[in-house]
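One structure is given below, encoded as structure tokens.
The values are calculated or read from the model by the stated rules, or taken from the named source; none is laboratory data. Bear in mind that the values here come from a model prediction, so they are computed numbers and not experimental data. Here the Cβ positions follow ideal geometry from the backbone for every residue, glycine too, while neighbour counts run over all protein chains shown.
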Amino acid sequence: MDLCNPSVIKSLLGDEGTHLRKEYGQNFLIRREIPARIAEECTESEESMILEIGPGIGCLTKELAERYGKVVSVEIDSHLLPILAKTLAEYDNVTVVNQDVMKVDLAALVAEHAEGREVSVCANLPYYITTPILMALLESGVPFRSITVMVQAEVASRLCAKAGEDTYGAITAVLGYYGETRRLFTVPASAFLPAPKVNSAVVRIDLYDEPRYAPKDKKLFFGLIKAAFEMRRKTLVNAISAKLSYTKEQVAKALVSIGLSDKIRGERLSTADFSALADALFERK
Ligand code: SAM
């Protein structure tokens, strides 16, 4: 069965009396080579357990099941469960969990299914909730090897930006704490049913085994990033002193002590710079 064929998709949904649901961000892939390529490029370790978010009717799930040791797919839409039971019937290494990924205990789910395997994430994400899902994955404490996700092209640019670029934002600086992010390839809007208004791209984050940055006060480090980008147009001295309990003089001195200008804006600071600044401010308290 070709799960990327629009007629097959419509008839599978129709047979269960359901349809594509906008509220769940259901834009299904209709070009067969794309799920195959995402699955191929999401990790190098064949024994892995892959955590998939939003299997839909299973086009990517199938490709993952054929390549990796174990697949656990979390799907919010219960109407899709009987369809997945049919389309994935031949794979005994797939478990479908009918839950909202934002409510699931990811650490417990992985502990239950990984059986000592390395774990990676692979998903064509629902676009209405991309950043919250990424943050939930990163903050879950699960030692994912990699996270490979399809997102809107402009979000992909944000995730992969370098400090100082227009698309660089809080999420970019935060991602830099957890791992290295790269854009794998672009996917045209026409590859989805229904076609969204914009193109998409697949991004892979390789998580660090050991933290690359170790700010003494993690809460302060993340708080600085948040403050810097909430008031993007202000200098960092003004943004931080307005949001956190530091005076302008303290922030200015801390910046100069790490070799940065006291006139600089947050969007120019790399993750390493934010970490150094957090430590310089921590020492000054
Ligand atoms: N994997 C399929 C594909 O590539 O064609 C479907 C991808 S579609 C963009 C997103 C999928 O995520 C849908 O199946 C949708 O029902 C599911 N989804 C949306 N919100 C979710 C949530 N909070 N938790 C789990 N799954 C969710």
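Test ALA239 against the stated conditions and say whether it is of a type in the set (A, V, I, L, M), without any contact (Cβ under 8 Å) to a residue 40 or more places away in the chain and surrounded by 13 or more Cβ atoms within 10 Å (Cβ to Cβ).
yes
Condition (residue is part of a strand (DSSP E or B) and touching a strand residue (DSSP E or B) at 6+ places or on another chain (Cβ under 9 Å)) applied to the stretch 31-48: is it met by at least one residue?
No, there is no match, as no residue in the stretch 31-48 is part of a strand (DSSP E or B) and touching a strand residue (DSSP E or B) at 6+ places or on another chain (Cβ under 9 Å).
Among residues belonging to the stretch 159-178 that are under 15 Å from PRO215 (Cα atoms) and small (Gly, Ala, Ser), point out the one that is surrounded by the most Cβ atoms within 10 Å (Cβ to Cβ).
Result: ALA173.
Restricting to the stretch 240-257, name every residue that is under 31 Å from the mean Cα position of the chain (by Cα) and closer than 14 Å to ASP273 by Cβ.
Matches in the stretch 240-257: ILE240, LEU255.
Collect the residues in the stretch 92-128 that are within 8 Å of the ligand (Cβ to nearest atom) and either touching a residue at least 60 places away in the same chain (Cβ under 8 Å) or under 25 Å from ASP2 (Cβ atoms) (or both), keeping them in residue-number order.
Selection gives ALA123, ASN124, LEU125, PRO126, TYR127, TYR128.
How about the stretch 253-274: which of its residues are farther than 17 Å from GLY169 by Cβ and either of a type in the set (Lys, Arg) or surrounded by 19 or more Cβ atoms within 10 Å (Cβ to Cβ) (or both)?
LYS253, ALA254, LEU255, LYS263
Would you mention how many residues in the stretch 1-19 are among the hydrophobic types (A, V, I, L, M, F, W, C), more than 9 Å from the ligand (Cβ to nearest atom) and either modelled with pLDDT of 95 or more or part of a helix (DSSP H, G or I) (or both)?
Counting residues in the stretch 1-19 that are among the hydrophobic types (A, V, I, L, M, F, W, C), more than 9 Å from the ligand (Cβ to nearest atom) and either modelled with pLDDT of 95 or more or part of a helix (DSSP H, G or I) (or both) gives 3.
Go through the stretch 62-91 and report how many residues are near the ligand (Cβ under 7 Å from one of its atoms) and under 19 Å from LYS10 (Cβ atoms).
Result for the stretch 62-91: 3.
Counting only residues that are exposed (fewer than 15 other Cβ atoms within 10 Å of the Cβ) and of a type in the set (Gly, Ala, Ser), which one in the stretch 62-112 is farthest from the chain's Cα centre (by Cα)?
ALA89
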